[in-house]
Amino acid sequence: MGIEIRSAVPDEFAAAVDVISTAFLERPDLRAVAASMAETWDPVRTWVAWDGDRACGTFRSTGAQLTVPGGASLAASAVSAVTVLPTHRRSGILTAMAAKEHGALVERGEAVGLLYASEYRIYGRFGYAPGTHVTDWVLAPRATGMHGTPAGTVELLAIDEDARTLLTGLFEGWRPRRAGEITRTVTGWDFRLGLRDDGWGERWKGWVLVHRDATGIPDGYARYKADPKWEHHAAVAEISVQELIALTPDAYAGFIRHFLEMDLVAKVKLESRSEREPLRWLLTNARAASPIDTIDGLWVRLFDVPRALAARTYDREASLVLEIADDAATGGRLRLLLDAGPDGATCRSTELSADLTLPVRALGGAYLGGTRLRDIVLATGVDEHRPGALAEADALLRTADEPGCSTFF
């Protein structure tokens with residue numbers, strides 16, 4: 001009997017959890033996780049591979065809106081829970097599940113696939129590439145002060161449904177401002193704030209701050225946790241800032257000042273921030289802030305390439321004929337004329353000679369502006385038919401502001 005790939009039904013979620021937890025080397029309360037999945041996962045978007053009556057693979061997605069350069073949104077599929085049992089590896093199950101989801105994605109009218117890669121080498125063959133990067137920063141608060149004077153106030157929030165509503169509004173005010181951000185679900189907010197269990201582990205326990213401007217209007221929030229430590233009878237606690245959303249420079253500076261001035265704290269870690277974080281320039285001792293780790297963040301796969309290229313804006317004007325090698329396209333190739341500029345773009349099929357031929361993986365990685373096209377083609381390959389076309393495309397796709405996604409899924 002061959003492997004069967006089909007959408008799940010709620011009664012099969014426990015079997016899916018068994019596969020997911022086994023593949024990721026975890027052992028949660030399977031029934032609790034399955035009960036949570038039944039409330040929050042869309043069965044139609046949850047693919048399960050079956051070897052007879054034994055579940056052996058999973059592949060799940062959630063619908064989302066992706067912010068692209070210029071602030072427009074594109075319908076996207078956020079992929080997660082991609083697993084195959086260790087007893088069924090190297091048998092084509094992942095490829096079959098990906099084909100199912102990608103076909104359904106196109107039928108749903110979603111232009112982009114998104115994911116976070118547990119292992120780097122898996123997803124390139126399916127056309128995905130890292131489109132954003134994240135950096136963790138460490139701040140030594142006892143070694144520095146702040147430039148400037150406080151503007152506005154910082155307050156602690158009681159964590160309840162009212163806080164969720166406030167934070168959701170602030171996040172939605174932020175989301176269109178940065179390419180790479182995606183929409184969030186209500187249940188995702190509940191897990192993020194510890195308002196409900198997801199069954200995988202301990203409920204989130206931390207604190208939430210909100211910044212208000214001089215008129216009292218909220219313009220940012222931060223979520224953080226603490227690890228209280230003592231050495232030689234002295235406090236050396238560590239703060240982990242898991243999310244910091246600031247709609248204004250004053251809000252950003254206000255949060256940094258707040259963490260600098262907290263009692264008992266010897267180290268502040270800012271998680272999943274930009275490589276170009278402005279943190280150092282706020283400090284009287286810029287050496288008190290250091291990036292400690294940078295890794296690929298959101299991976300991007302373009303499915304409707306003309307629509308995606310036309311949806312974003314560009315910092316300069318250019319006209320390019322791009323030939324895209326894509327196994328999902330009819331004949332495996334697309335030839336597109338891209339006329340782009342700061343006011344928008346058009347992208348359409350053409351019979352003109354190509355300036356540049358590149359794989360869809362390379363274009364997806366460079367699409368949000370955070371990965372240089374000239375760099376990614378070192379791994380993917382590229383054919384330049386007109387001298388200077390690669391440099392022109394690289395400059396066209398690059399953005400002044402770094403993209404990023406603050407939502408892990």
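So which strands (runs of 3 or more DSSP E) stay within region 159-257 end to end and still have 1 or more residues that are among the hydroxyl-bearing types (Ser, Thr, Tyr) and surrounded by fewer than 20 Cβ atoms within 10 Å (Cβ to Cβ)?
237-246
Looking only at region 145-156, count every residue that is in contact (Cβ under 8 Å) with a residue 12 or more places away in the chain, surrounded by fewer than 19 Cβ atoms within 10 Å (Cβ to Cβ) and not in a strand (DSSP E or B) and tell me the total.
5
State which residue is nearest to residue 205 (Cα to Cα) when the search covers only region 258-267 and only residues that are assigned to a strand (DSSP E or B) and of a type outside the set (Lys, Arg). Talk me through it step by step, then tell me what you get.
Residues of region 258-267 that are assigned to a strand (DSSP E or B), as a first pass: 265-267.
Keeping just the survivors that are of a type outside the set (Lys, Arg) gives 265-266.
Numbers: 265: 18, 266: 21 Å.
That would be 265.
Out of the residues in region 261-285 that are among the aliphatic types (A, V, I, L, M) and more than 28 Å from the chain's Cα centre (by Cα), state the one that is most open to solvent (accessible area, probe 1.4 Å).
If we filter region 261-285 for residues that are among the aliphatic types (A, V, I, L, M), which is where we start, we get 262, 264-266, 268, 270, 279, 282-283.
Among the residues that remain, those that are also more than 28 Å from the chain's Cα centre (by Cα) are: 262, 264-266, 283.
Working: 262: 47, 264: 98, 265: 8, 266: 31, 283: 6 Å².
Here the residue is 264.
Within the group 402, 323, which residue is surrounded by 17 or more Cβ atoms within 10 Å (Cβ to Cβ), in a loop (DSSP other than H, G, I, E, B) and of a type in the set (Asp, Glu)?
Selected residue: 402, the only one of 402, 323 that is surrounded by 17 or more Cβ atoms within 10 Å (Cβ to Cβ), in a loop (DSSP other than H, G, I, E, B) and of a type in the set (Asp, Glu).
Would region 390-399 turn up any residue that is within 21 Å of residue 313 (Cβ to Cβ), part of a loop (DSSP other than H, G, I, E, B) and either open to solvent by 10 Å² or more (accessible area, probe 1.4 Å) or touching a residue at least 60 places away in the same chain (Cβ under 8 Å) (or both)?
Scanning region 390-399, I find at least one residue that is within 21 Å of residue 313 (Cβ to Cβ), part of a loop (DSSP other than H, G, I, E, B) and either open to solvent by 10 Å² or more (accessible area, probe 1.4 Å) or touching a residue at least 60 places away in the same chain (Cβ under 8 Å) (or both), so the answer is yes.
When you go through 313, 346, 371 one by one, which is the residue that is among the hydroxyl-bearing types (Ser, Thr, Tyr), in a strand (DSSP E or B) and out of contact with any Leu (no Cβ under 7 Å at 6 or more places or on another chain)?
346
Name every residue in region 72-117 that is in contact with a strand residue (DSSP E or B) (Cβ under 6 Å, 6 or more places away or on another chain), of a type in the set (Gly, Ala, Ser) and in a helix (DSSP H, G or I), in order of residue number.
Answer for region 72-117, where residues must be in contact with a strand residue (DSSP E or B) (Cβ under 6 Å, 6 or more places away or on another chain), of a type in the set (Gly, Ala, Ser) and in a helix (DSSP H, G or I): just 96.
The values are calculated or read from the model by the stated rules, or taken from the named source; none is laboratory data. Note that the structure is predicted; figures quoted are calculated from it, not measured. Reconstructed Cβ throughout: ideal geometry from the backbone, glycine too, with neighbour counts over all protein chains shown. Accessible surface is based on the protein model in full, side chains and every heavy atom, while ligands, DNA and RNA are left aside. Shrake-Rupley method; radii C 1.70, N 1.55, O 1.52, S 1.80 Å.
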